[in-house]
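Before any comments, here is the structure.
The values are calculated or read from the model by the stated rules, or taken from the named source; none is laboratory data. The structure presented is a predicted model; accordingly, all values stated were derived computationally and were not measured. Counting neighbours? That spans all protein chains shown, and the Cβs are built from the backbone with ideal geometry, glycine included. All accessible areas refer to the heavy atoms of the entire protein, side chains included, with ligands and DNA or RNA removed. Shrake-Rupley method; radii C 1.70, N 1.55, O 1.52, S 1.80 Å.
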Amino acid sequence: MQIVTVAPVFVKNLLAGATLRGFNAEEILRAQGLSPQILTNPKLRISTIAFAELCHAVTQLLRDEAFGLLAKPQPFGSFKLLAQACLSTDTVRESLIAWRNGTNLLDSSLSASTTFTEEGGCLAFQCERREGVDSHYIVETVLTTAHRLHCWLANEFLPIERVELAYPEPEFSEEYRLVFYGAPVRFNQKRNAIYFNHQTLALSCQRDKLELRKLFERPHIQLLTQPKQSKSAHMRARLLMEHLFRDGHSNPQLTQVATAMGVTEQTLRRHLHKDGYSFQQLKDDIRRDMAIFFINSKDQSIEEIAFRLGFSEASTFIRAFKKWTGLTPLAYRKLS
């Protein structure tokens with residue numbers, strides 16, 4: 001899904017390995033058509049596509065599929081090897097085992113394990129970060145890459161039962177709602193692991209060699225833009241409102257969304273509150289991300305975008321956008 005935006009903290013964490021290797025983070029961003037302001041402006045989000053292209057650029061620059069964040073580089077071809085091994089399996093469970101075995105054969109700073117019970121199972125990782133790397137971005141990357149590759153492999157969304165992380169909760173943990181599709185995330189656990197139920201593990205692998213070759217052409221973009229689904233209320237409501245905005249419903253209301261989800265307004269409010277959202281906050285997050293998407297596309301005026309997103313006047317939209325990103329829409333458009 002291309003509409004979701006990426007917070008600056010992930011950009012800075014992605015570039016940490018390159019910085020330790022002596023490269024200039026600002027120059028890397030400029031080469032990608034991105035503003036160095038993202039390193040200092042905590043509100044300045046970028047599109048998923050721009051972030052995927054940045055991931056590819058850092059990989060090419062460092063010749064390291066782990067972005068220079070592990071104690072040992074992950075050589076080119078590592079992801080291809082793992083994906084090819086998974087392609088030869090019949091079910092998601094078998095593929096997770098193949099991913100585990102392939103990871104452990106690579107001479108890198110990653111090791112993997114799997115655990116299965118009658119209820120389901122998990123894929124877990126341990127990693128040795130490069131000295132000087134403070135963030136756990138590489139853990140998040142390893143978990144999400146494994147999950148999204150298996151979504152691609154099964155040709156459908158694989159619901160995550162829960163995610164366990166072996167480190168304290170960061171200040172930006174609300175971003176994990178989108179990273180892990182709304183799945184429950186537990187911190188300070190014994191391992192870094194992603195859990196699936198029995199039904200998900202039994203799903204068959206659907207892809208063939210031709211489709212795998214196409215995946216290898218733009219792997220970062222294809223994996224980062226995998227269609228998002230979820231059992232969580234806020235993710236379901238988010239996806240629904242994104243469709244409503246795209247279809248010309250410029251100001252979706254709580255009643256409209258609740259009806260489409262088959263629940264009462266009170267039930268939807270309760271579920272959103274449980275996920276840490278109010279309906280208005282969720283709608284504003286979606287409008288922010290869609291505004292950035294439309295502004296980057298450069299085929300609509302600021303006034304047209306404002307109307308499309310349910311603002312009665314362009315001035316109101318401009319004030320809202322500046323509150324969201326720290327910049328006016330026009331200033332943001334000039335960044336790229």
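Residues in the stretch 3-20 that are β-branched (Val, Ile, Thr) and not in a helix (DSSP H, G or I) were compared, and the one that is farthest from Ser297 (Cα to Cα) is Val6. Set side by side, the residues Phe10, Phe23 differ, and just one is touching a residue at least 60 places away in the same chain (Cβ under 8 Å), of a type in the set (Phe, Trp, Tyr) and in contact with a helix residue (DSSP H, G or I) (Cβ under 8 Å, 6 or more places away or on another chain), which is Phe10.
Being under 27 Å from His150 (Cβ atoms) and either in contact with a His (Cβ under 8 Å, 6 or more places away or on another chain) or β-branched (Val, Ile, Thr) (or both) is the requirement here; does Ile292 meet it?
No.
How many residues are over 19 Å from Lys43 (Cα atoms), modelled with pLDDT of 90 or more and small (Gly, Ala, Ser) if we restrict to the stretch 279-336? So the count comes out to 4. Residue pairs whose Cβ atoms lie under 7 Å apart, sitting 6 or more positions apart in sequence or on different chains, and linking a residue in the stretch 313-336 that is closer than 13 Å to Ser301 by Cα to a partner that is among the polar types (S, T, N, Q) and outside any helix (DSSP H, G or I), are Ile318/Thr328. Only a single item in (1) under 20 Å from the mean Cα position of the chain (by Cα); (2) within 18 Å of Thr145 (Cβ to Cβ) is not met by Ser47, and it is number (2). Filtered by the rule that a residue be within 17 Å of Glu140 (Cα to Cα) and open to solvent by 10 Å² or more (accessible area, probe 1.4 Å), the stretch 60-72 gives Glu65, Ala71. Return the residues of the stretch 204-215 that are in a helix (DSSP H, G or I) and loosely packed, with under 13 Cβ neighbours inside 10 Å; say none if nothing qualifies. Result: Lys209, Leu210, Arg213, Lys214.
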